[in-house]
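Just so it is clear, none of the values below were taken in a lab; they were calculated from the coordinates. Keep in mind it's a predicted model, so treat the numbers as computed, not measured. Backbone-built Cβ (ideal geometry, glycine too); neighbour counts: all protein chains shown.
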Amino acid sequence: MRAFDGKKYYALYMLNAILNTQGGPKRSEKAEVLDCNGNPIPHLYSAGECGGVTVCMYQGGTNIAECFTFGRIAGKNAAAPKDALPVYVAETSVASTPTMPGQITDAKMTAAEYTAGENQYIGKGTGINGDVVVRVTMDGDKIGGVEVLAQSETEGIGSNAIEKLPAQFVGLSTKDAVNAVDGVSGATLTSKALKEAVTKALSAAAGL
C-alpha cells in the first residue's frame, strides 16, 4: 500500500444492503397463484415463503413483509364464498412420444435450428439462466445488426444488457473489438453471454 497523492481526499458514504430472491409460484395482490400467462388459478392461494408477488427477481427484503402479510390475505380470500369449480373429468389415457436421453426434443432449440438469411449468422452464449442466442447481420466485414432470438435472463437486471448491448456491437468487425465493449453494470454475466454469442457468430461469418 502507498499514501494517497495530493492534499485533497474524497470520501463516499456507503451503506450495506440485503438482496435476495424468492422462488416458487408467482401470486397476485390477493394471494392468488398465477399461471404461466399471469392469470389467477381458481381457488388456489399461496402464503408465507411459498412464492411471492416479485418471485424470481432480486429484492431488497420485501419478501420479509410478504411472510407476515400474505398469510392473512391468502386465508381471508381462500375462506370467502366462491362459485363452484366445474367438474373435473380425468383422462383415462394419455398419448405421448417418449424420447431417449441424448436425443433432441422440442423443449429447446439448438443454434443450428434458428433461421438465418443472406449475410446472417447465429451465435450462442451461456447466460445466467440459460442460453442467449443472437442473429448477427453482416454489412461487408462489419456488424450491421444484432438481434436477440432467445434468452431467459433476469428481468430488470440481465434484461438491461439484452436491451442496451446489441446496438454497441454495430460497426465492429473483430472479436477483440466485441470483447472490448463495456458490459452493462449489474449484468456482467449476461453481458459476457452476449459477447460470446456475437463472437461465435463472427467466427461463423469467417467460416471458422
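To the nearest ten degrees, helix 188-205 and the longest principal axis of the Cα atoms of the chain are 60 degrees apart.
Note that the chain carries a Kirkwood radius of 21.5 Å, evaluated over its alpha carbons pair by pair. If R0 is taken as 30 Å, the Cβ-Cβ distance between Asn39 and Thr115 corresponds to a FRET efficiency of 0.45. Per residue, the average separation of C-alpha pairs within less than 8 Å and at least 6 apart gives the stretch 32-79 a relative contact order of 38 percent.
For the stretch 112-205, relative contact order (Cα pairs under 8 Å, six or more residues apart, normalised by length) works out to 36 percent. If you count Lys pairs in the chain whose Cα atoms are under 12 Å apart, skipping same-chain pairs closer than 8 places in sequence, the total is 7. Neighbour counting of Cβ atoms within 10 Å sorts the residues Met1, Met14, Met138, fewest neighbours leading, into Met1, Met14, Met138.
Taken about its Cα centre, the chain carries a charge dipole of about 740 debye when Lys and Arg each add +1 at the Cβ and Asp and Glu each add -1 at the Cβ. Shown for Ile73, Ile143, Ile64: other C-beta atoms within 10 Å of each C-beta, ranked fewest to most, produce the order Ile64, Ile73, Ile143. Here's the picture: charge each Lys and Arg Cβ at +1 and each Asp and Glu Cβ at -1 in the chain, and of Gly24, Gln120, Gly145 the one pushed furthest to the positive end of that dipole is Gly24.
Springs between Cα atoms under 10 Å define the GNM used for the chain, and in it the highest mean-square fluctuation of Cys50, Cys67, Cys36 occurs at Cys36. Of Gly156, Pro42, Thr97, whose Cα points farthest to the positive end of the dipole of the chain (charges on the beta-carbon: +1 Lys, Arg; -1 Asp, Glu; origin at the Cα centre)? Of the listed residues, the answer is Gly156. Computed on the chain, with alpha-carbon pairs under 8 angstrom and 6+ residues apart, the relative contact order is 15 percent. Against the chain, whose longest principal axis is taken from its Cα atoms, helix 62-79 shows a tilt of about 30°. Fewest neighbouring Cβ atoms within 10 Å first, the residues Val181, Val146 line up as Val181, Val146.
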